[in-house]
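Engineer: Structure incoming, see below.
Just so it is clear, none of the values below were taken in a lab; they were calculated from the coordinates. No experiment lies behind these values; they were computed from the predicted model shown. Note that we place each Cβ from the backbone using ideal geometry, even for glycine, and neighbour counts take in every protein chain shown.
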Amino acid sequence: MQDIGIAYNNTTWTALAQAMSTAACAPILGKVGDVIGRKTTLLLGIAVFTLGNILSALANSLLFMLAARFIVGIGTAAMTPVIMAYIVTQFPQDQIAKGFSLYMLISSASVILGPTLGGLIIAAFGWRTMVWVCVAICAGTFVACLITAGKEETQRQSLQNFDGFGAALVVVFFSLVLCIPSFGQNFGWTSKAFLGVMVAATISLVGLITAERKAIHPILPGRFMMRSAFILSVLTLFLTQGLMQANMTNTIVFVNYTQPDNSAVSGYAISVMYLGMSLGAVILGPLADRFEPKRVLIGSLLLTGFGCGVLFLFSESTSVLLLMASLGILGFGLGGNGTIFMKVALSGLPPQEAGAGTGTYGLFRDLAAPFGVAVFVPLFTNQITSLIAGGVSETNAAVQSIHALAVAELLCIAVGIAAVFFLPRIRNKGEET
C-alpha cells in the first residue's frame, strides 16, 4: 500500500477480492473438475494462480491489485476442490481423516513458514521480489504436477447443459455474502452501502434458488447439501472455526490496549496458534479413522472451549506464555475440528461428484472465518469503546471485554457440541479399532 501510494486500510479490499473468488468459485470449478477431469483442472488452476501472482507483482494501482488478487483466488478455487477430491476418492475409506490431517498440517504450517520467509525477502529486496519468488514456486509446482500427476482417472464428460447461469449467480451471491461483514464493519451496519449489499444479496439468492431448481445439472449439489452430516458440520464450523481469525485479531487489540510497548508478543502467540492447529490436525484428526468421529469431535470442541476459557485469566499484565497457552490450545482443538468435519461432511460423497461436493463444502468453510470476525471482533472492540466512554480505563476496559468475549465464545462452543450429538454415525457399532 505504501509503495503504490494508497491508504493502508485498502488491504481490507485486496484481501476481500481474493477471498470472494476463492470461496464463490470453488463449487463451480469443483464441478468443472468433475466434468473435464481433475488433472486438467488442477493444472489450469496452478496456471491461473501463477498469472494472478505475476499481475500482483506488476500492480501499480489499487484497481490493478484488486483484479490480480481476484485472479489468484480463482486459481485457488480450482486447485483446492481437486486436492480434497483426490483425498476423498483415492485414500482408503478408513484413512480419509489421515489424508485430511496431512492437508491441514501443510496448510497450517505454511501460514507460519510463508509470512516468515516472505517478511525476510521483503526486508532485503522489497515486496515485488517476494511475489516474483512466489511466481517461481508456482512454475516449479506446475512442472512437478505435470510430471507426477499421471493419467486422468476420471472420465471426461460433455459441458453440454452446464449450468452457466447458475454459476454466475453463485459468484454474485456468495461474493455479496462475503462483502456483508466488511461493509458492516467499514461503513456501519445501518449505512446505505451495507443495506444495498443486503438487498442485492437477497435478490441474487432468490434468483439462484430459481435457477438451480430449473438446471439439468445444477452447480450446487442439493442432495449432498441437504444431508444432516453437511448441515450440522457447516453450522458447527460457523460457531467455532470463526473463532480462529476473531481471536487472532482480538489478541492483537488486547495487547495493544494493555501492553502498547510490547505488541510483538501477539505475533508470537498467533504463531503458536498455528503450531497448535498443525499438531491438532495430525494428532486428533487421524483418531476419526479409528473411533467414531462424533466422539473425537466432542473432545476437540472441549479443547477449543478450554482455550477460550483461558481468556478469563487475562489481566492488565498478561504474560506472553498465557497468551500462547490460550491461542495454542484453541488452535489445537480447531485443527482437530477442521480435519474431522471434512471427513464427516464429505462421507458418502459419490466419486463422480467429489469435486462439486468438496468445492461446496470449501465454500462454506471459507465463509466461516469472515463471519466469525464480523461477530466477535466488533463484540470485543465496541464494548471496549463503550466502557472507556463510561469512564473505565483503557486497560481495565480491555480486560472486562475479553472476559465477556470468553462467555459468548463458550456459548457458541456449547451449541456446537450439542449439534455434534445429532450428527449421523460414520462407523457402525463395534467397528472402532
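Engineer: Can you tell me the order of 301-308, 12-19 when each peptide is scored by its average per-residue count of other Cβ atoms within 10 angstrom, highest first? Walk me through the intermediate numbers first.
Structural biologist: Numbers: 301-308: 22.6, 12-19: 18.4.
Packing order, densest peptide first, comes out as 301-308, 12-19.
Engineer: When the Cα centres of segment 61-95 and segment 276-301 are compared, how far apart do they sit, in Å?
Structural biologist: 24
Engineer: Then there's this: For all pairs of alpha-carbon atoms in the chain, what percent lies in each bin of width 10 Å, listed from the first bin to the last filled one?
Structural biologist: 4, 19, 31, 29, 14, 3, 0
Engineer: Could you compute the longest span of the chain free of GluC sites (Glu not before Pro) located in DSSP loops and having at most 14 other Cβ atoms within 10 Å, not counting the site residues?
Structural biologist: On the way: sites that count: Glu152, Glu153, Glu316, Glu431, Glu432.
Formally, the longest exposed-site-free interval is 154-315.
Engineer: Let me ask something additional. Report the number of Lys pairs in the chain whose alpha-carbons are under 19 Å apart, with separation of 8 or more residues or on distinct chains.
Structural biologist: Details: Lys31/Lys39; Lys31/Lys214; Lys39/Lys151; Lys98/Lys294; Lys98/Lys343; Lys294/Lys343; Lys294/Lys429; Lys343/Lys429.
Lysine pairs, 8 or more places apart or on different chains, close enough: 8.
Engineer: A follow-up question, please. How would you rank 104-112, 120-128, highest first, on the average number of other Cβ atoms within 10 Å across their residues?
Structural biologist: Top of the packing list down: 104-112, 120-128.
Engineer: Highest mean first, what order results for 196-206, 41-51 on Cβ atoms within 10 Å?
Structural biologist: Highest-to-lowest ranking by the protection proxy: 41-51, 196-206.
Engineer: Toward the positive end of the charge dipole of the chain, about the Cα centre and with charges on Cβ (Lys, Arg +1; Asp, Glu -1), which of Ser110, Thr249, Gly30 goes farthest?
Structural biologist: Gly30
Engineer: Something else now. Which loop-located chymotrypsin sites (Phe, Trp or Tyr not before Pro) does segment 342-433 contain, where loop means any DSSP state but H, G, I, E or B and the Cβ has at most 16 other Cβ atoms within 10 Å?
Structural biologist: Here the chymotrypsin sites (Phe, Trp or Tyr not before Pro) that fit, given the DSSP loop and packing criteria, are Phe422.
Engineer: Same structure again: Where does the chain land at 222 nm, in deg cm²/dmol rounded to the nearest 500, when only DSSP H runs of n ≥ 4 count, each adding -39500 (n - 2.57), divided by all residues?
Structural biologist: -27000 deg cm²/dmol
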